[in-house]
Amino acid sequence: MRNSLYALLSILFGLGKLFGATLFGPSLYFSERDSPWFSGIVDNAGNGIYLENFEDGKLNTPNVRQLPGVNYTGLTSTAFNPNAIPFGVDGDDGLVDGLISSGIVWTTTTNGGGNSQFMDFEFLPDGEGRYPRYVGIVIAGVLNPDSDVEIAWNSPGGESLFDDGEFDPKEWSPPGGAPRGSPQNMRFIGLFAEEGIQTLVLGNVSAADHLQYGYSIPEPSSLFLAATGFIAFIRRKRA
């Protein structure tokens, strides 16, 4: 049943598979409803998908932290610069209207006080010893648009789970471009790995939002309905 589920998702979302891992995206993202795992977010009772939107100014969903021992510090955009223009996920202000008027994102700072190009998250085992099998995030800003965004997911044993985690952010811009912080430039990228995921590391990313991670999503019948609803939602946006 699980194999048929991922075959279905591959058709619906154009997913790539490599070494038993399944890549989701990069896909346009305006609110949590645009997540391919949205049904798991809604259904979350500790077994579904956690959503960290950083709107309380903290990284404080269960079993996740910044990877220790690195030479940069993760913090929210408001903590980094209280006067910064907000540019979080479009729907975080309660409306999906293409306008960014509020929203808090996650960023990193070097020891010298400037933006770091690196960002990371470490996932801790839950009370049952499980690591999340789904880990994804929304790329909300890049440091250098002429360089690739690099993303690495690693297993609890430290092995790389996806070997082609380089994405060209120029491919995400609509014809004619879009201003910094525009929701048209934001993309969700996620990975499923049966063995579990311990770390997520990002490069050339200045801002990220809507970290998502967890253990399961509903069975295929429910997921199919959510997926087709997701596609209809995107088509309405583009109409």
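The values are calculated or read from the model by the stated rules, or taken from the named source; none is laboratory data. Computed from a prediction, not measured in an experiment: that's the story for all the values here. Glycine gets a Cβ as well: all are built from the backbone with ideal geometry, and neighbour counts include every protein chain shown. Areas reflect the complete protein model, heavy atoms only, side chains present, ligands, DNA and RNA absent. Shrake-Rupley method; radii C 1.70, N 1.55, O 1.52, S 1.80 Å.
For this structure, a couple of remarks:
- Here the peptides 152-160, 198-206 are ranked by packing, the mean other Cβ count within 10 Å, and the order with the highest first is 198-206, 152-160.
- The phi torsions of region 28-36, fed into the Karplus equation with coefficients 6.51, -1.76 and 1.60 and a -60° offset, translate into couplings of 4, 9, 10, 7, 4, 5, 8, 6, x Hz, rounded to whole numbers, with Gly and Pro shown as x.
- In terms of packing, defined here as the mean over residues of other Cβ atoms within 10 angstrom, the peptides 87-94, 133-140 line up highest first as 133-140, 87-94.
- Counting only protein heavy atoms and a 1.4 Å probe, region 105-168 has 42 square angstrom of accessible area per residue.
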